[in-house]
Each structure stands twice: as structure tokens, then as C-alpha cells.
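A quick write-up on the structure given underneath.
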Amino acid sequence: MEWIQCLNRAMQYIEEHLEDEIKYEEVAKLACCSTYHFQRMFTYMANVPLSEYIRRRRMTMAAVRLQSTDIKIVDLALIYGYESPTAFNRAFQSIHDVTPSKARQEGISLKAYPPISFSLSIKGDVAMNYRIEKKEAFRIIGISAPLHQDIEKNFEVVPMMWQKAAMSGTIEKLAAMMNGEPKGILGVSACNEREQWKYFIAAASHEPLDESLEEFTVPPATWAIFYGEGTMPDAVQELEKRIVTEWLPTSGYEYGNAPDIEVYLSPDPQNAKFEVWIPVMKKEDN
């Protein structure tokens, strides 16, 4: 099945389950990728995090129910997954700028967020430098922090982690221990479906561990490796967005089952040189 069709099947699942628990694992399965990769992909393509999109759709439909039926607000809150009317009121007001009770009044202005559907738009006006490489498993050592299943929250966790690692001397320490491939300080998002998601700041190394570090084995995989330059972190995020929205849809590949890796080749955040590694596998013909 074509990639865009898979995405739209995932969006249809969300639409059909707005009044139920939406399982991200099921959504991602329909999109033929991992939960982590689907959330990242969706955010880049829709310019809104998946959790926020779902909230907007639910509050859009809640407003319709309030104006067209006499349903009680407490019952409506439960339908859309809120354990208390207070939490529901807060979510509703954050979208519509009015309370649910006021939304029933004639002439009140409300907001509507229609369902998203994806279509293919080919740009290709700026070249992307990439290569495909197959790698055996390799060991990294470094520090890690748990990642949230709702990846929107990780946009705060990861930058703070890098800041602390720089101030504590951890990055210098890792650079001195680096003796494997890939060469560079690594940002590794290890987010499979069976274990706690983690983000590593690390280096490929054969050195023994000390008590301040931990190790992780990156599994064997085929990688699409993209080169980039620019100011951090915007340049990396822009490249990752282009990979998902411009390269991946027409590449003949889909996401594989391995971490995403950022390889930082130079230490200057104002003029960074880096690579973004995404695990890929050839699409199966359907």
C-alpha cells in the first residue's frame, strides 16, 4: 500500500475513535512504522503534535454536540476521555476561548479544526545530500534520559540534557573516549515498542565503562544518512522535516526498526556540521 494511503488510514482510525481511547500503537501500525516515528512524522507533516491534533478534533466535535444536543457537560467530558468537568472545561476553553456552558448560547464564536488528510506534494527545489549504508551492530557509551511517549514533551527534555552535558564536561569526556564509527558525538533516540524509550548523548567506543556512563548496542540496520550544516538546533529539525516530507515519500523506503541517530561532526552550535541517520528498509510491493 502506498505511503500516503497508510497515513490516511491512520488518520481515519483516529477519526473513528475520537470518543474512545486512541492507542498510538494501533495508529502507528496502520501507518507502517513505530509509534515514535509516526509521532515525529506527523508533527513534521502537520505542523502540530499528534496529541494536540487529537485534542483539537475532540474539542471541535464537543462544540458540535453542545450546540446540537442537550447532553450534560459532565457526560460529554467522560465521552472525550476527561475524568472531571474541570479538566474538560480547561481543554475546551483553551481551544474555543469560551466555556462549554457559554458555547451553547446563540451567536457565540467557536473554532473548528477539520480532519487532516495527507496528499503528496513534490518540492525538490533544494538538493539533499544523502547516502544509503548498511551497518553492523555497534556499541555506544554515554548518558541517557527517559523519553515521554508523548514526544511533544521531549522538546524540553532533550535540549536541557545537552545543556547539562556540556556544562558538566560530559561531552568533552565522551569525545576523548570516542574510537569507533560513526565519528562524532551522537544523539540517539532509542524508542522501540517493547522497552522504555531513551535518549542517549554518547560516542561509539570500545573503552570500558566507568560508573558515570552506560552502554547501548545499536542494532544492525540499513541507514539513510543525510548531511547538514547550520545553527543548532533549528538546522537539525529542518533537515529532519525535509527527510520526512520530501525524501521519504518517494524514496522507495520506509522506516526500519532501529534508533534515529544525530551525528555531530563539529562542536560549534552556531556553525554545526552534522548527519542525520534514519533506519530504513525497502518498501514491500503490494
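Using only the heavy atoms of the protein chains and a 1.4 Å probe, how would M167, M11, M128 rank by accessible area, largest first?
I get M167, M128, M11, largest accessible area first.
List the lysines whose Cα lies under 24 Å from the Cα of K72, skipping any in the same chain that are fewer than 8 positions away.
Straight-distance partners of K72: K102, K111.
Give me the dipole magnitude in Debye, nearest 20, for the chain about the Cα centre, with unit charges on the beta carbon: positive for Lys and Arg, negative for Asp and Glu.
Working: 30 positive and 41 negative charges, 125 e Å.
For the chain, the charge dipole is close to 600 debye.
What length, rounded to one decimal in nm, is gained on full extension from Q237 through to E195, with 0.36 nm per residue of separation minus their alpha-carbon distance?
Roughly 12.6 nm would be gained on extension.
Provide the per residue accessible area, probe 1.4 Å, for the chain, rounded to a whole number of square angstrom.
On the way: 15200 Å² over 286 residues.
That works out to 53 Å² for each residue.
Ignoring ligands and nucleic acids, what accessible area does L30 show with a 1.4 Å probe (Å², nearest 10)?
The value for L30 is about 40 Å².
Could you go through the stretch 239-254 in sequence order and give the Karplus-derived ³J(HN,Hα) for each residue, using 6.51 cos²θ - 1.76 cosθ + 1.60 with θ = phi - 60°, rounded to whole Hz, and x for Gly and Pro?
Using θ = phi - 60°, the values come out as 5, 4, 5, 5, 4, 6, 8, 10, 8, 4, x, 10, 7, x, 10, 9 Hz.
Pairing the Cα long axis of helix 154-168 with the longest principal axis of the chain, what angle in degrees results, from 0 to 90 and rounded to the nearest 10?
So the inclination is approximately 30 degrees.
Report, in debye and to the nearest 20, how large the dipole of the stretch 122-256 comes out about its Cα centre when Lys and Arg carry +1 and Asp and Glu carry -1 on their Cβ.
Dipole about the Cα centre, nearest 20: 200 debye.
E172 versus E136, label points 7 Å from Cα toward the beta carbon: distance in nm?
Distance between label points: 3.5 nm.
Take the Cβ-Cβ distance between I79 and M45 as r, set R0 to 25 Å, and report the resulting FRET efficiency rounded to the nearest 0.05.
0.30
Can you compute the modelled spin-label distance between E21 and K183, with each label point 7 Å from Cα toward Cβ, in nm?
Computed distance between label sites E21 and K183 equals 5.0 nm.
Pop the C-beta distance of H206 and N129 into the FRET formula with R0 = 25 Å and round what comes out to the nearest 0.05. Mind dumping the intermediate values first?
Working: r = 29 Å, r/R0 = 1.18.
With R0 = 25 Å, the Cβ-Cβ based efficiency is 0.25.
Under a cut-off of 17 Å between alpha-carbon atoms, report the lysines in cross-link reach of K135, not counting same-chain residues fewer than 8 places apart.
K183, K282
Go ahead and estimate [θ] at 222 nm for the chain from helices alone: -39,500 (n - 2.57) per DSSP H run with n ≥ 4, summed, over the residue count, rounded to 500.
Helices in the chain give a 222 nm mean residue ellipticity of -11000 deg cm²/dmol.
Give the angle, between 0 and 90 degrees and rounded to the nearest 10, that separates the Cα long axis of helix 3-16 from the longest principal axis of the Cα atoms of the chain.
40
Give me the number: length gained by fully extending F155 to V64, i.e. 0.36 nm times residue separation minus the C-alpha to C-alpha distance, one decimal in nm.
29.5 nm
The values are calculated or read from the model by the stated rules, or taken from the named source; none is laboratory data. Bear in mind the structure is a predicted one, so any value in this text is a computation, not a measurement. Here Cβ is always computed from backbone atoms with ideal geometry, including for glycine, and neighbour counts include all displayed protein chains. Only protein heavy atoms, including side chains, enter the accessible area calculation; ligands, DNA and RNA are left aside. Shrake-Rupley method; radii C 1.70, N 1.55, O 1.52, S 1.80 Å.
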